[in-house]
Structures are given as C-alpha cells and as structure tokens.
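Just so it is clear, none of the values below were taken in a lab; they were calculated from the coordinates. All values reported here derive from a predicted model rather than from experimental measurement. Don't worry about glycine lacking a Cβ; one is built from the backbone with ideal geometry, like all the others, and counts go over all protein chains shown.
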Amino acid sequence: MEENNRKKKSIYNKIVSAMQATCPSFLYCNSVLRIISEQSIEMNSPLFLIHIKFDPAFDIVDRSTISQCLAKFGVDEATILEIIHILYGEESCRLRIWDRSWQQLEIKEREPIELLLSRMISFLVLHSVLEKSNANATDGIRWGETELHHLIFQDEICLMARTVSAIQRKLQELALSAREVGLQISAEETTIMRISTSGKTPVRLNDVTLRDVKTFCFLGSIFSKFGGIKAEVKQRLSSAKYVFQDLRERFVSADTIEQKMAIFNSRVKPVLLYGCETWSEPKWAMKKLQKFVNNCMRVMLPTHPRDQRELLNRCGEDPIQYQIRYKKWLFIGEVLRTPNTIMTARSFQWNPQGSRSVGRPSFTFNRTVEDRLQKIGPTWPELILLAQDSNVWTQFIEQYIYGYANRRKVEEFLQAANINTEVGE
C-alpha cells in the first residue's frame, strides 16, 4: 500500500514539475483577475468576464486525449499508462470532476493523491482545449507584447475580452473545442459579468442567453463588477465564523491560550485571510476583521481584558491590518523573484487603455502599493533587486513595511543590502 502511494506521489510530482516548467503563468490566477478588474474599473475600460461551468461528464473524455495532453508536457508513455490505470482501473475511480456530489460520495473511496491526479488531468485537458480555441485569436487583453485571453487553474476557467463580439466568439470557439474531446459547457450555470460598460447585448450559447451577474466566485475569491472587496470580506467572515463555531468546544476548553491560538491560526485564520494578498486594506474592512478576531480571542480567554491592546498582548497577536500587510508584501516579494514572463509579475504595473474619472481615485491594490512606496522611497527596480534574496526581503518588510520608516533609513538599508539606489533613475 505504501509503495503504491509513493508511486502515485512520484507521478503527481512529475506532472507538476513539467507543468511549472512549461506553463509557469498558471500561478496566482485569482490575484491577476482582481488586479485586472480593479484597474479596468478605475480606468473606465470595458471588460467582459465569463465564468465557465461544465456539465458533469469528464469521465467520458477519450483516453487518447489525456495521453496527448500529458505527452505535450513531457510525461513519458510508461507514466501515462500508470496514470490511466490508477484513475480508470476501478469503477470507483472514474473521474467525475465537475459533478459536485463527488466531494461527499466518492471522497472515502479514493486516495487524496488520486483526487489530486484527477484534478491535474482535468486541468491539462482544459488547457489543451483553451489553447486550441484561442490559437489564432487577436482580440484579447493587451498584456505587454502578448495578449491575455483567459485564466485557468484546475477546473476553473474565466474567459475575458474587451468587446461583446470578442467574448461571444471565444465562448463559441471554446464550446466547439470542448465538444471535440467530449466536454459540454453548461449554458445554465455559466455566467457573464460586465465591467465598466452599460451595454446589454446578450451573450448566447446553444440558444441560451447567459445569465448576467454582479458578482461571481473564482478560485474561492469573490469578484464584483463594482470593484472593491466588500463582497469578499463578507464571504470571508461568514466562512471563518462557521469554522470557529465548529471548533468552539476546543476554544472554550481548559487548554492553554497558546494551544488555542495555534488551532486558531492554523484552522480559522487561513479561511479568514484567504486571498488577502491583493486586498486594498480599506479601514472599514480592517475594523470588521479585527472585531471578529477580537471576539474569537475573548471566547478563548477565561477573563476579558480591558482594551484591545491588552487582548492582543495576552494572545500574542498583531493587529489584523499588519498581518494582512505582511502577507501582501511577502506575496509581492515572491512574485518579484519570478521571471517577468509570469503574468502576475506583469500585472503589478499593468494599466488598460482608458481614462480615470474626475475625483478621488479608486482604492485598489496597485494604488496602495504605490502609495506605500512613495512614503518610504524605493522604486520598482530596487524592489526587484531586493526581493531576489528572500531573507533580506523579509527583514525589509519587518522593518519598513510592517511599521513605519523614513526615506533616509530605507536608503541606508538598501545600501547595506548592496542595492544601488540610483538603479531606478
């Protein structure tokens, strides 16, 4: 049994390594989508997003199609045969990726690594379908010297375009390419979101008009046609409250506060702060999140502290705004260490065609980062050089991003780290 599991993990690692080497732009899709939508809203640039949903029929995909997709990523024939045997060897292991009932019905019958493999295979097939449908497309979003037509991770697909005609064409081409490998797009569940446009021209698939929505969920994050993170924060709080109530018996037990906080930080906080790396840190959101964390910590303590400062000290916690800021800049450093060909790295300085409305600018992720850089001094080229050493970058965050600093101290830090302060001039 252990030998079989090791073999499955080895196969999974082979596929992941091949994918990361061939298509590194799959990383951070939800972060890229949030930046694109926020920048399009700020610059009044029309944007059409379609969240694709497939019918639960992935188990009818032809095995030769799976073999071709794996071979494209450099997976050898012997490994392909092993994958087919693992996933199709028994009836209980047939793929049903888009049938949501598998989460309750089949999870006990399959090993976790088999679930990962099945999702990985579905992702490869979908990526192949998207590549074919957009092979000759020239109506995507300008992305440096290339164009961006879609975002994809596992079975989540988001088509994007600037015009109704372009998004209609992409949807039809995707439906045709998917049908060739045995997949069917669900017109009833697929939705469209229109940003910075008043047009109401319907988008149709199989004689069915797609439903227009104001928000949709992509990779667990909520996106709104009006921008901002109001819907996202509401969803994060709701999910975190559910997890906390599920573990309430542990939090009111006789365990030490250190043990309770360890559970809180590993089970509740990841749900609360999921996707916070690209949040814009509005004050109202920070207050709501801090209030929830404070209420949770008061439940864990036998006696209630007098004020928030004492509460945080007794629980060994930092204010939630500092934690979000820390995670955000760790994320920025991780992205800056990747090649500029990664679409997330390009998105930091991406602006669509358009013009900003008169008045106060929108509160976006890119603007919060730029405002912080203006206060402490370093330029983007300096940050890129600084981020190459993860230890130096972490020290930089703790001293000058996590708290407050003046330009002179930042320049001294850059010089000590052998960063040329004239690199951006």
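For the reader, a short list of remarks on this structure follows.
- Cβ-based net charge around Ser362, under 9 Å, with every Lys or Arg adding one and every Asp or Glu removing one: +1
- Charging the Cβ of each Asp and Glu at -1 and of each Lys and Arg at +1, and nothing else, the dipole of segment 108-264 about its Cα centre rounds to 720 debye.
- Exposure proxy ranking for Leu247, Leu49, based on other Cβ atoms within 10 angstrom of each Cβ and starting from the fewest, stands as Leu247, Leu49.
- Environment charge of Leu176, counting only residues whose C-beta is closer than 14 Å and scoring Lys/Arg +1, Asp/Glu -1: +1
- Neighbourhood charge, 10 Å Cβ-Cβ cut-off, centred on Lys328 and excluding it, Lys, Arg +1 and Asp, Glu -1: +1
- With bins 5 Å wide beginning at 0, the percent of Cα pairs of segment 114-258 falling in each bin runs 2, 8, 13, 17, 17, 14, 10, 6, 4, 3, 3, 2, 0.
- One equal scatterer on each Cα of segment 289-364, no solvent, Debye formula: the resulting log10 I(q)/I(0) at q = 0.24 Å⁻¹ is -1.07.
- Over 25 Å (Cα to Cα) - which of Lys170/Lys327; Lys225/Lys328; Lys234/Lys375; Lys234/Lys328 fall in this group: Lys170/Lys327; Lys234/Lys375
- Relative contact order of segment 195-235, pairs being alpha-carbon contacts under 8 Å that are 6 or more residues apart, as %: 26 percent
- Ranking of Tyr326, Tyr28 by count of other Cβ atoms within 10 Å, fewest first: Tyr326, Tyr28
- Taking only Cα atoms of segment 355-400, radius of gyration then Dmax in Å: 13.6, 42
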